[in-house]
Amino acid sequence: MKQTTFSTAGFDLYTKTTKRAAFLAEMEQVVPWAELCGLVEPHYPKAGAGRRPFGVERMLRIYCLQQWFNLSDPAAEEALYDSLSMRRFVGIDLGREPVPDETTICRFRHLLEAHDFGRRMFEYVHEHLEAKGLRLSSGTIVDATIIHAPSSTKNEAKARDPDMHQTKKGNQWYFGMKAHFGVDRRAKVIHSVVATAANVHDSVVLGDLLHGEERDVWGDQAYQGQGDVIKEKAPKARDRTNRRYRHRGVVNEAERARNREKSKVRSRVEHVIGVIKLKFGFTKVRYRGLEKNANRLFATCGLTNLYILRHRCRAA
């Protein structure tokens, strides 16, 4: 009689290191786990008469998986049961213990949100990278991107999220929030981030995106005419934002050529946004309210900086 045998992962004859496993192995080495756990530990429940809580580091690793792979709380639980590489990363052995359920994952996320962990994580990662030898250059690139939100009113509240707003870009209307970034020209790391509703103009938060030591500031045409703001926040900086080159149908070729040269530097910010939106999948908000989504944005920016500088961190 012909029999079909299903082998466990430990006895597989053929195997391959997947891209997911390789990515997790890299991030395992560059994320400062002990220090980040120290930020959470004072607020994390201690073992008592109730159910024994999962370790802080395990829950923090699950939280990072959610940011890297764009996972909701239920999807994170499902992914851990489904993916051996994720379980190894978190340190879960299904022969001894179950995966934390979605309620446990949700409560941990709420704990982080309540204590502004995303912002604190972003700030600590920046300090950690400075200790590894990162030095900000004298140039900052500013840009913003829209994070979409559901515009439907088919929900319990019968209304759209009041913290989100709509804006028009070109001939297309968008509804959601806007992420504003200040990115170092040389290292391509995010040193400043602001979250607003989508209808807030890019130039409104320009001053919050500069660290003050710049000698050059690059940006697209949305930031033109903000020379006074730049001088106030960074007195030594030159305004290298793009200028409008088309007026009443007439194209100023000289200005267009200057914009093209500026964009060779300015385009580096798109690499950073590409990691957030294409690599980590943060193209849509997951929660209602600006505060919760801002917490996710700050945490994602911190992890993005670690990913961008992962080779430097491993070599340090």
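Scoring Ala159 on the criteria (1) open to solvent by 10 Å² or more (accessible area, probe 1.4 Å); (2) in contact with a strand residue (DSSP E or B) (Cβ under 9 Å, 6 or more places away or on another chain) leaves a single failure, condition (2).
Within the stretch 192-219, residues that are farther than 20 Å from Asn242 by Cα and modelled with pLDDT of 95 or more reach partners that are among the small types (Gly, Ala, Ser) and assigned to a strand (DSSP E or B) with beta carbons closer than 7 Å, at six or more positions or on different chains, in the pairs Ser192/Gly182; Val193/Ala179; Ala195/Ala179; Ala198/Gly176. Considering (1) modelled with pLDDT under 95; (2) touching a helix residue (DSSP H, G or I) at 6+ places or on another chain (Cβ under 6 Å); (3) in a helix (DSSP H, G or I); (4) surrounded by fewer than 19 Cβ atoms within 10 Å (Cβ to Cβ), the lone condition that Lys292 does not fulfil carries the number (1). Considered as a group, the residues in the stretch 196-246 that are in a loop (DSSP other than H, G, I, E, B) and among the charged types (D, E, K, R) include one that is nearest to Val183 (Cα to Cα), and that residue is Glu214.
Filter the stretch 21-39 for residues that are touching a residue at least 40 places away in the same chain (Cβ under 8 Å) and closer than 23 Å to Glu97 by Cα and give the result.
Of everything in the stretch 21-39, those that are touching a residue at least 40 places away in the same chain (Cβ under 8 Å) and closer than 23 Å to Glu97 by Cα turn out to be Ala21, Leu24, Glu28.
Considering His247, His271, the condition of being loosely packed, with under 14 Cβ neighbours inside 10 Å and within 19 Å of the chain's Cα centre (by Cα) is satisfied by His271 alone. Only one entry in Leu297, Leu278 is within 29 Å of His165 (Cβ to Cβ), open to solvent by 50 Å² or more (accessible area, probe 1.4 Å) and of a type in the set (A, V, I, L, M), namely Leu278. Every condition in (1) in a loop (DSSP other than H, G, I, E, B); (2) of a type in the set (S, T, N, Q); (3) over 27 Å from Thr300 (Cα atoms) holds for Asn259 except the one numbered (1). On the given criteria, is Gly182 of a type in the set (Gly, Ala, Ser), over 23 Å from Glu123 (Cα atoms) and open to solvent by less than 20 Å² (accessible area, probe 1.4 Å)? For Gly182, the condition - of a type in the set (Gly, Ala, Ser), over 23 Å from Glu123 (Cα atoms) and open to solvent by less than 20 Å² (accessible area, probe 1.4 Å) - is not met.
What pairs can you find where one residue is in the stretch 112-123 and touching a residue at least 12 places away in the same chain (Cβ under 8 Å), the other is assigned to a helix (DSSP H, G or I) and open to solvent by 60 Å² or more (accessible area, probe 1.4 Å), and their Cβ atoms are less than 7 Å apart, with a gap of 6+ or different chains? Close Cβ pairs (under 7 Å, with a partner that is assigned to a helix (DSSP H, G or I) and open to solvent by 60 Å² or more (accessible area, probe 1.4 Å)) amount to Glu113/Lys292; His115/His43. With respect to (1) touching a Ser or Thr at 6+ places or on another chain (Cβ under 8 Å); (2) farther than 30 Å from Ala234 by Cβ; (3) open to solvent by 30 Å² or more (accessible area, probe 1.4 Å), the lone exception for Lys168 is condition (1).
Here Ala222 clears all of (1) under 25 Å from Leu129 (Cβ atoms); (2) at pLDDT below 95; (3) in contact with a helix residue (DSSP H, G or I) (Cβ under 7 Å, 6 or more places away or on another chain); (4) surrounded by 14 or more Cβ atoms within 10 Å (Cβ to Cβ) except the condition numbered (1). Of the helices (runs of 4 or more DSSP H) entirely within the stretch 41-117, those holding at least 3 residues that are more than 15 Å from Arg286 (Cα to Cα) and open to solvent by 40 Å² or more (accessible area, probe 1.4 Å) occupy 73-82, 102-114. Exactly one residue out of Val204, Val265, Val194 is open to solvent by less than 80 Å² (accessible area, probe 1.4 Å) and under 25 Å from Arg119 (Cβ atoms), and it is Val194. Would you pick out the residues in the stretch 118-144 that are in a loop (DSSP other than H, G, I, E, B) and either open to solvent by less than 30 Å² (accessible area, probe 1.4 Å) or touching a Gly at 6+ places or on another chain (Cβ under 8 Å) (or both)? Correct list: Leu134, Ser137. Criterion first (open to solvent by 10 Å² or more (accessible area, probe 1.4 Å) and touching a Leu at 6+ places or on another chain (Cβ under 6 Å)) does Val229 satisfy it? The answer is yes for Val229.
The values are calculated or read from the model by the stated rules, or taken from the named source; none is laboratory data. Predicted, not measured: the structure shown is a model, and the values here were computed from it. Neighbour counts are summed over all protein chains in view; Cβ atoms, including those assigned to glycine, are modelled from backbone coordinates with ideal geometry. Ligands, DNA and RNA are stripped out before the accessible areas are found, and what is left, the full protein with its side chains, is counted by its heavy atoms. Shrake-Rupley method; radii C 1.70, N 1.55, O 1.52, S 1.80 Å.
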